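To keep things clear, I will list the structure first and then write my remarks on it.
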Amino acid sequence: MANILEPSEANIQAGKILFNSKAQPIPCAVCHGFKGDSIGVIFQWIKPYARNFTCYQTMEDISDGQMFWIIRNGSHGTRMRAYEKLDDTQIWQLVHYIRSFQESK
Ligand code: HEC
């Protein structure tokens, strides 16, 4: 499954807003950190740890389709919950935003 959206500035910005504040019920940044490095506010209490999205080696192994699936369905047995209220466009915007963390390194 490939990202259907262009990695345009507008899509990345939309993903950023979802990531930092709009995603319900808990914005992603609470766990994944505002810089995507998973140094989030409640980082210390999460096991297994949320991944470091800024790490190229970690992210190389995760396809866009896998990210989409996890955001939609959650990761069973972890704090990563299903985000059922997000539509496909919003999820793909988040995937672009998450990918943009590596490029800024
Ligand atoms: C309550 C904490 C929490 C919140 C909020 C959260 N996540 Fe996660 N997320 C996690 C944890 C912990 C993992 C690691 C799960 C695992 O090891 O399988 C994870 C895994 C992921 C992964 C998969 C990467 C991988 O490890 O394969 C993606 C993509 C992701 N999260 C994106 C998001 C997005 C986008 C949001 C907001 C819409 C979000 N997360 C909100 C805790 C959180």
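Only the coordinates and a few stated rules stand behind these numbers; no lab work does. Everything numeric here is computed off the predicted structure, so don't read it as measured data. Positions of Cβ are generated from backbone atoms using ideal geometry, with glycine treated the same way; all protein chains shown enter the neighbour counts.
A full extension of the chain between Lys85 and Glu6 corresponds to an added length of 26.2 nm, given 0.36 nm per residue minus the alpha carbon distance. Once the Kirkwood radius over Cα pairs is known for the chain, the Stokes-Einstein relation at 37 °C and 0.692 mPa s delivers a diffusion coefficient of 242 µm²/s.
Run the count for region 1-93, please: Lys pairs, Cα-Cα under 20 angstrom, 8 or more apart or on different chains.
5
Before rounding to the nearest 500, sum -39500 (n - 2.57) across all DSSP H runs of length at least 4 in the chain and divide by the residue total; then give [θ] at 222 nm in deg cm²/dmol. Dividing the helical sum by the residues of the chain leaves -11500 deg cm²/dmol.
Got a sec? How would Leu18, Leu86 order by Cβ neighbour count within 10 Å, fewest to most? Let's see the in-between values first.
Values: Leu18 22, Leu86 18.
Exposure proxy ranking, most exposed first: Leu86, Leu18.
Counted residue by residue at 0.36 nm each, then reduced by the alpha carbon distance between them, the extension gain from Ser21 to Ser63 reaches 12.7 nm. Separation of region 55-105 and region 1-39, taken as the distance between their Cα centroids, equals 8 angstrom.
Two tests apply to each whole DSSP H helix in the chain, Cα reach of 20 Å or more along its axis and mean Kyte-Doolittle hydropathy of at least 1.6, and none passes both.
Does region 59-105 classify as rounded, prolate or oblate by the C-alpha gyration tensor (a ≥ b ≥ c root eigenvalues; a/c under 1.5 gives rounded; else a/b over b/c gives prolate, otherwise oblate)? Verdict is oblate for region 59-105. Considering only Ile62, Ile71, Ile39, the Gaussian network model of the chain with Cα springs below 10 Å gives its largest mean-square fluctuation to Ile62.
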